[in-house]
Amino acid sequence: MDLRIKTFEEYQEQYKKSAEQPEVFWSEIASQFSWKKNWDITLEWNFNEPKIEWFKGGKLNITENILDRHLAGNANKTAFHWEPNDPFETSKSITYQALHDEVCQLSNALRKIGIQKGDRICIYMPMVIESIVAILACARIGAVHSIIFAGFSSQALADRINDAQAKVVITSDGLNRGNKQVELKSMVDAALKNCSSVNHCIVLNVTNTKVNWESNRDLNYHSLIENEEKNCSAEVMDAEDPLFILYTSGSTGKPKGVVHSCAGYMIYSAYSFQNVFQSDKNDVFWCTADIGWITGHSYIVYGPLLSGATSVLFEGIPTYPDAGRFWEVCEKYKVNQFYTAPTAIRSLMGFGLDFVNKYNLSSLKVIGSVGEPINEEAWDWYHTNIGKKNCPVVDTWWQTETGGIMLSGLGNLSPMKAMHAGFPLPGIQPVLLDAEGNVIHENEVEGYLCIGFPWPSIIRTTYGDHERCKNTYFSNYNGYYFTGDGAKRDKQGMYRIIGRVDDVINVSGHRFGTAEIEDAINMDLSVIESAVVAFPHDIKGQGIYAFVVVENSDVKTDVELTNSIIDCVSERIGKIAKPDKIQIVNGLPKTRSGKIMRRILRKIAEGERSNFGDTSTLLDPEVVEQIVDKAL
Ligand code: WT7
């Protein structure tokens with residue numbers, strides 16, 4: 001199944017066709033997949049409810065497109081080269097046949113413990129092959145997977161398990177990360193104290209850590225699957241049945257479960273993978289994301305496997321045992337397409353070129369960036385030292401909610417411009433809106449980035465709360481999907497993402513809502529109130545700056561307070577969300593109506609010390625002076 005566009009002219013033709021006849025365009029692509037029954041209606045939609053149905057009436061199972069389909073010609077092709085955290089541990093490879101067999105075994109086992117189509121299964125796992133098996137086993141039997149990044153705390157895990165009412169959790173005893181180990185099972189044990197929906201916890205041995213065992217609940221992964229058949233009938237799924245839930249943060253409230261559907265997501269993850277990375281049949285692809293994020297879902301698991309590609313699956317981190325690890329792995333597997341985040345590039349830049357130049361990177365053909373805007377210095381370094389000025393940099397803009405890459409160059413077909421994501425993929429209709437919600441038609445402008453027409457992998461709902469989906473994405477601008485990002489469009493029509501225009505902070509490519517972090521900080525008993533804003537951070541892109549008002553007491557020093565606030569955030573969300581700066585303040589700048597003036601706090605966090613614009617609505621201007629005096 002080769003879905004690739006081969007020239008820029010062809011891209012332009014395809015784009016035109018996708019805009020003029022979207023149903024015809026996507027039907028032709030969809031017909032290249034295996035269906036159990038063809039669809040009746042290609043697209044039915046409105047952005048008001050919203051209701052979006054692609055390939056209505058069609059029946060399929062995504063794992064047949066990933067596994068069974070490749071068995072005929074490619075059974076012995078490598079699906080993954082697994083690279084362990086510790087470079088001296090033996091690496092492993094798994095073929096499409098072996099992956100099929102193990103997925104079937106786990107699918108059978110899951111059915112035996114009572115899992116049925118539509119049940120939710122939570123996956124809290126390290127970057128090992130069995131995690132991929134777990135994901136595909138869910139999809140095989142029609143269970144909806146909800147992967148929780150293994151860096152989230154047990155409380156965050158419990159929230160997500162409860163929101164989805166998951167019946168099973170699949171985890172491991174522990175995970176390896178650089179020179180540290182994390183005891184995942186004990187985190188799950190703590191979470192499950194408050195999760196009554198969970199009947200079983202399946203535990204894989206990874207670190208061989210001794211774990212607590214609840215014999216009526218816990219099941220060992222290997223014993224569970226060892227006697228199972230290596231064949232398993234795939235559940236017949238409707239095109240619009242949910243494939244997975246993935247939690248992500250927004251500007252308000254608790255994280256929401258973004259729901260993706262079987263057929264639309266399948267088609268778009270494969271289509272975007274093949275076109276953006278332009279991978280050839282025998283290429284080796286490596287996406288360094290974690291499977292707990294959407295990048296891992298679409299470009300470690302679904303896109304590459306649907307395309308029959310060979311990928312690297314890396315258990316470790318970029319700086320272990322040293323800052324040359326990424327490049328060592330690229331050389332080892334002769335990686336052809338490499339896909340990582342600006343934060344990783346910025347952190348590796350700091351270690352110097354000796355770590356790069358030791359390795360032969362001549363296999364690289366395309367290098368990609370994702371997760372946050374890439375600054376010029378990082379872009380140049382990546383393009384020059386990793387791509388040797390020979391590889392296009394695909395700066396891919398997309399979101400958890402979009403399911404796949406929306407704006408990006410396509411391999412070496414498209415014109416490339418530093419820091420610009422570029423043109424939309426075929427099928428994607430971006431628009432820029434002004435503050436009043438009018439479409440800006442000219443080029444060389446800036447506005448709110450929205451999408452005017454559905455694409456196959458657009459978010460379908462937020463789990464358990466459709467109204468929230470509507471309010472978050474479809475109500476800001478009537479008739480448009482609102483991305484939450486601001487963007488510029490240049491003369492040629494290439495897009496450059498500026499960043500979030502809402503209260504979302506992007507820390508190392510990870511998304512957090514300010515409200516979510518404030519809620520965690522406010523759990524500290526000494527805290528009265530807090531306000532969190534972003535500030536520019538050299539490596540993380542954005543850092544978290546918390547202004548905190550505490551009870552007037554001399555019991556704790558500022559250092560003690562700061563530590564206990566950090567502990568609160570680590571417990572509530574995870575270490576990944578800890579504030580970089582915490583300033584204890586006497587009060588927050590508020591308007592007479594009691595609204596926190598975040599604009600001022602943002603300026604202070606950015607280093608501004610005097611020009612705060614119009615402060616006439618401030619209740620107590622002295623508060624600002626006090627904060628500025630002690631700003632960090
Ligand atoms: C937000 C989505 C999609 C994969 C990882 C993040 C920002 C993403 C880019 C890029 C500038 C980017 C946006 C977006 N973002 N890619 N290439 N250039 N900004 O997924 O957690 O859903 O976050 O990440 O602000 O809205 P996510």
Output the residues belonging to the stretch 541-581 that are hydrophobic (A, V, I, L, M, F, W, C) and open to solvent by 20 Å² or more (accessible area, probe 1.4 Å).
-> VAL550, VAL555, VAL559, ILE566, CYS568, ILE576
Hey, any hits in the stretch 223-237 for a residue that's part of a strand (DSSP E or B), open to solvent by less than 60 Å² (accessible area, probe 1.4 Å), at pLDDT 95 or above and closer than 19 Å to ALA109 by Cα?
-> no
Restricting the stretch 341-375 to residues that are part of a loop (DSSP other than H, G, I, E, B), open to solvent by 40 Å² or more (accessible area, probe 1.4 Å) and of a type outside the set (Ser, Thr, Tyr), the one nearest to TYR495 (Cα to Cα) turns out to be PRO373
Lone qualifier among GLU53, GLU20 - being modelled with pLDDT of 95 or more and surrounded by fewer than 13 Cβ atoms within 10 Å (Cβ to Cβ) = GLU20
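For every residue, the table says whether it meets (1) away from the ligand (no atom under 16 Å from the Cβ); (2) within 17 Å of the chain's Cα centre (by Cα); (3) on the phi > 0 side of the Ramachandran plot.
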| site | (1), (2), (3) |
| --- | --- |
| SER223 | yes, no, no |
| GLU228 | yes, no, no |
| CYS232 | yes, no, no |
| PHE244 | no, yes, no |
| SER261 | yes, yes, no |
Out of curiosity, is PHE338 within 27 Å of ILE123 (Cβ to Cβ), within 22 Å of the chain's Cα centre (by Cα), touching a residue at least 24 places away in the same chain (Cβ under 8 Å) and not in a helix (DSSP H, G or I)?
-> yes
Within the bounds of the stretch 376-396, is there any residue that is within 13 Å of the ligand (Cβ to nearest atom), open to solvent by 20 Å² or more (accessible area, probe 1.4 Å) and outside any helix (DSSP H, G or I)?
-> no
For the stretch 119-209, which strands (runs of 3 or more DSSP E) that fit wholly inside it have 2 or more residues that are open to solvent by less than 10 Å² (accessible area, probe 1.4 Å), in contact with a Lys or Arg (Cβ under 8 Å, 6 or more places away or on another chain) and at pLDDT 95 or above?
-> 120-124, 144-147, 168-172, 200-204
Taking GLU518 as meeting all but one of (1) out of contact with any helix residue (DSSP H, G or I) (no Cβ under 9 Å at 6 or more places or on another chain); (2) at pLDDT below 95, write down the number of the exception.
-> (2)
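Which of the residues belonging to the stretch 265-319 are in a loop (DSSP other than H, G, I, E, B), within 16 Å of the ligand (Cβ to nearest atom) and open to solvent by less than 10 Å² (accessible area, probe 1.4 Å)?
Those that are in a loop (DSSP other than H, G, I, E, B), within 16 Å of the ligand (Cβ to nearest atom) and open to solvent by less than 10 Å² (accessible area, probe 1.4 Å): ILE291, GLY292.
Would you be able to say whether some residue in the stretch 391-411 is touching a helix residue (DSSP H, G or I) at 6+ places or on another chain (Cβ under 7 Å), within 24 Å of HIS510 (Cα to Cα) and of a type in the set (Phe, Trp, Tyr)?
no
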Residues of the stretch 325-335 classified as closer than 23 Å to ILE294 by Cα and either at pLDDT below 95 or not in a helix (DSSP H, G or I) (or both), total = 1
Those residues of the stretch 484-516 which are small (Gly, Ala, Ser), out of contact with any Leu (no Cβ under 6 Å at 6 or more places or on another chain) and either more than 10 Å from the ligand (Cβ to nearest atom) or farther than 15 Å from ARG602 by Cβ (or both) amount to GLY484, GLY493, SER508, GLY509, GLY513, ALA515
How about the stretch 447-483: which of its residues are within 14 Å of the ligand (Cβ to nearest atom) and assigned to a strand (DSSP E or B)?
-> TYR448, LEU449, CYS450, ILE451, THR462, TYR481, PHE482, THR483
Does ASN563 fit the bill of being farther than 24 Å from THR252 by Cα, under 30 Å from the mean Cα position of the chain (by Cα) and without any contact (Cβ under 8 Å) to a residue 12 or more places away in the chain?
-> yes
Would you pick out the residues in the stretch 333-375 that are within 15 Å of the ligand (Cβ to nearest atom) and among the acidic types (Asp, Glu)?
-> GLU372
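Among the residues of the stretch 111-138, which ones are of a type in the set (S, T, N, Q) and under 15 Å from PRO242 (Cβ atoms)?
GLN116
The values are calculated or read from the model by the stated rules, or taken from the named source; none is laboratory data. Quick caveat, the model's predicted, so the values are computed rather than measured. Using ideal geometry, Cβ is built from the backbone for each residue, glycine included, and neighbour counts are taken over all protein chains shown. Note: areas computed on protein heavy atoms with side chains; ligands, DNA, RNA excluded. Shrake-Rupley method; radii C 1.70, N 1.55, O 1.52, S 1.80 Å.
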